[in-house]
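Quick notes on the structure that follows.
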Protein chains: 2
Amino acid sequence: MLIAITDPDDLQIEAYRVVRERDLLGRQHRFIAEGEVVLRVLLQQPRFEVESLLLSESRVESLGDLIGLLSPGTPVYIANRQVMDAIVGFPIHRGILAVAKSPVLPPVDVLLASLPEEALVVGMIGLANHDNVGGIFRNAAAFGVNAVLLDQETCDPLYRKAIRVSVGGALVVPFTRAPSVDALVHALTEASFEVIALSPSGEETLSKVQPSRRTALLLGAEGPGLPQDLLARTRTVSIPMSGGFDSLNVATSSGIALHHLTQGNNG
Amino acid sequence: MLIAITDPDDLQIEAYRVVRERDLLGRQHRFIAEGEVVLRVLLQQPRFEVESLLLSESRVESLGDLIGLLSPGTPVYIANRQVMDAIVGFPIHRGILAVAKSPVLPPVDVLLASLPEEALVVGMIGLANHDNVGGIFRNAAAFGVNAVLLDQETCDPLYRKAIRVSVGGALVVPFTRAPSVDALVHALTEASFEVIALSPSGEETLSKVQPSRRTALLLGAEGPGLPQDLLARTRTVSIPMSGGFDSLNVATSSGIALHHLTQGNNG
């Protein structure tokens, strides 16, 4: 259903107004996805309900097939570039935005119970940087991770920028949030996951690690890293680095570890 | 030599004025490094000559040991936060900047001839994104890469943002620029390097690759990738990905490949 918008203050497109400020305030169980690549990923995921699209009129023709993937009756608002930028509050170079409903997150044990017998899970602890969370989801999708668990401090993977950096990976890999780090680790252990904590101070070398049938990889923020009491009671693994150089970026580390766990010549 | 600056237009600190515009225009064989971590790396590298420092006065005391590492007589300009921000043109949260001389880049064959018998080199082709170039240098430093070769299209690793993203790695790993992609590959072959091109369409799987005593890893930009004619005449290697998902970020891919080539259980 195409609807022309000529007034940036039109109440129909309220959900798209001043995107950046709303990013910070939250959207009451909605999220914004931007760009054609991310939108195509979003529309392939049945667990998300797309409420509407906002398109630059110059893109309507080239995105016709994408519009065809929407549920019948979903509003597609069309505006010229000037009106669109005025609505959003900054230039939207990609010319395409969607508002979708945030899914209700399942309890951790329910999500874990839904996974196959052989499974790989990533746990994020205290990751407050959207670039890193997005980058880890991109890697998780690339290496077929079955689920991601977040602690309370890790930021929202459905934040606009995290989705963009993940190139849609945040929409692909199922995730949920645990009430505490302890609850997160406890649920993994109960579900027969071997928990591996990646840390520069880890005792084992990554390249020697053989994954179990169910493996969970825990990642902490650069700088503080994973909490000491967590490291004290899990299997810890490091990626040795040259000449005492500063540690790798956490998203890069996740890519290295996931590659090794899924494709390494573990022997 | 501490010199107080109270006037943002003081000619002594001309090199620090309007940093972002200068980033784009270039600095006539000089570069800017920012932040304590990067400055400490810079001062450990004898091939760089630091011409001066600009410090926020609130940081003078805590950075006393760093100032002590400078060559005698090197000017250390001190300004309050307000003057410093006015000089630079935006808020310098880290409160510390340096101007250093760009090194004269050696010819490719000279750099390669200086490397040990066992060596690992990274070649960057068409990488115009400073975040990616910085991220690859960070990984190159972490995995002890001996040298980096750049083609003409790859951006300057000594651009301020690339240095920052590299966490100083761009100052650690020696690099130079080749006159053309052909010249780059030719010099590697002449120096007995086995050239491996990383590409989503690569014929071999990374995890099966055994590095030679001298290995060069070529990386291309996300999207276009490495030129077809280059792929046609080199050994090509891919990182298999799940469900046709979009390729990994090139900096992450470099980390995965360097980890495998230096620490993988290759057998």
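Bear in mind that the values in this text are calculations on the coordinates, not laboratory data. Computed from a prediction, not measured in an experiment: that's the story for all the values here. All Cβ positions, glycine included, derive from the backbone under ideal geometry; neighbour counts span all protein chains shown.
Across the alpha-carbon set of the range A:108-263, the Rg to Rh ratio works out to 0.92, Rh being the Kirkwood radius.
If packing is taken as the average number of other Cβ atoms within 10 Å across a peptide's residues, how do B:117-125, B:140-148 rank, most packed first? Intermediate results must be reported in sequence, preceding the final value.
Details: B:117-125: 21.8, B:140-148: 24.2.
For the peptides B:117-125, B:140-148, the packing ranking is B:140-148, B:117-125.
Relative to the longest principal Cα axis of chain B, at what angle does helix B:181-190 sit, 0 to 90 degrees, rounded to 10? Helix B:181-190 sits roughly 70 degrees off the main axis of chain B.
How about the range B:30-62: which GluC sites (Glu not before Pro) there are in a DSSP loop, with at most 12 other Cβ atoms within 10 Å of their Cβ? Intermediate results must be reported in sequence, preceding the final value.
Details: sites: B:34, B:36, B:49, B:51, B:57, B:61; in loops: B:61.
Qualifying residues, ordered by number: B:61.
Under a cut-off of 23 Å between alpha-carbon atoms, report the lysines in cross-link reach of residue A:208, not counting same-chain residues fewer than 8 places apart. Straight-distance partners of residue A:208: B:208.
Considering every residue in B:247-254, what mean count of other chain Cβ atoms within 10 Å of its Cβ is obtained? Don't skip to the end; give the middle numbers.
On the way: counts 3, 10, 9, 0, 5, 15, 4, 2.
Average neighbour count from other chains, rounded to a whole number: 6.
Taking Cα atoms only, the orientation of helix B:130-142 departs from the longest principal axis of chain B by about 80 degrees. As a rough guide to protection, the peptides B:199-207, A:168-176, B:177-185, A:248-256 ranked by mean Cβ packing within 10 Å, highest first, stand as A:248-256, A:168-176, B:177-185, B:199-207. Between the Cα long axis of helix A:250-263 and the first principal axis of chain A there is an angle of about 70°, rounded to the nearest 10. Tell me which lysines have Cα within less than 18 Å of residue A:161's Cα, excluding those fewer than 8 residues away on the same chain? Output for residue A:161: A:101.
DSSP beta bridges fully contained in the range A:2-101 are about 60 percent antiparallel.
Got the relative contact order for the range B:2-101 handy, in percent, Cα pairs under 8 Å and 6 or more residues apart? Don't skip to the answer; put the middle values down first.
On the way: 142 pairs, mean separation 49.0, N = 100.
Result for the range B:2-101 is 49 percent.
Relative to the Cα centre, the charge distribution of the protein assembly as shown, modelled as +1 at Lys and Arg Cβ and -1 at Asp and Glu Cβ, gives a dipole magnitude of about 360 debye.
Going by the alpha-carbon gyration tensor, a ≥ b ≥ c the square roots of its eigenvalues, is chain A rounded (a/c under 1.5) or, if a/c is not under 1.5, prolate (a/b greater than b/c) versus oblate? The shape class here is prolate. Every pair of different Cα atoms in the range A:1-115 enters the Kirkwood calculation, which places the hydrodynamic radius at 14.9 Å.
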